[in-house]
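The structure appears right after this line, and notes come after that.
Read the figures in this text as sums done on the coordinates, not as results from a lab. None of the values given here were measured: they were computed from a predicted structure. Here the Cβ positions follow ideal geometry from the backbone for every residue, glycine too, while neighbour counts run over all protein chains shown.
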Amino acid sequence: VGVDNLLQNRAGKSLSNHVPTSGKLTEFIPNDILIGNIRPYLKKIWQADCIGGTNGDVLVIRCIDSSINTRYLYQILADDKFFEYNMQHAKGAKMPRGSKEDIMKYPIPVPPLTWQARIVEILDKFDTLTNSITEGLPREIELRQKQYEYYRDLLFSFPKPETVSN
């Protein structure tokens, strides 16, 4: 997974057609969090659901503390506050790059695991609702347009004046 495969605005990732033949890869495993490190304002972040590799333009965050729910950590890092923090510490003007050192200093609130699970449950429900609206709304509009056209055609199919009999 390269930075080009991570989708903007926390939209996950796209499949890669490119397999690197040289260079160093960083391994990721399920539940690792991948963050695009170039142009942090694009908000490229994905929680891995498979094993793979990535390059230096993508940071791999792996939770090694059992007191932190990995999905909770993802939700913290997917928040706008994290991306604003990342931009404040980024280097470069045209293609800003996040500071790995400063990212590791980002404060993570750690409530009890039961609270983390509840927070994750609520935020995941909102994510599902938001995604179903963005995916489902265009389809719903298309169906309503077809329904409108059907009834419009039906309404205009009344007998013409010259064919009306008394």
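Take residues that are over 18 Å from Arg10 (Cα atoms) and tell me which of the helices (runs of 4 or more DSSP H) falling wholly in region 41-129 contain 1 or more.
Numbers: elements: 70-77, 80-88, 100-103.
Helices (runs of 4 or more DSSP H) meeting the threshold: 80-88, 100-103.
Determine, yes or no, whether Val3 is touching a strand residue (DSSP E or B) at 6+ places or on another chain (Cβ under 7 Å) and part of a loop (DSSP other than H, G, I, E, B). Break it down stepwise before answering.
Numbers: touching a strand residue (DSSP E or B) at 6+ places or on another chain (Cβ under 7 Å): yes; part of a loop (DSSP other than H, G, I, E, B): yes.
Considered against the rule, which asks whether it is touching a strand residue (DSSP E or B) at 6+ places or on another chain (Cβ under 7 Å) and part of a loop (DSSP other than H, G, I, E, B), Val3 comes out as yes.
Of Arg62, Arg97, which residue is surrounded by 13 or more Cβ atoms within 10 Å (Cβ to Cβ), touching a strand residue (DSSP E or B) at 6+ places or on another chain (Cβ under 7 Å) and closer than 20 Å to Val3 by Cβ?
Arg97
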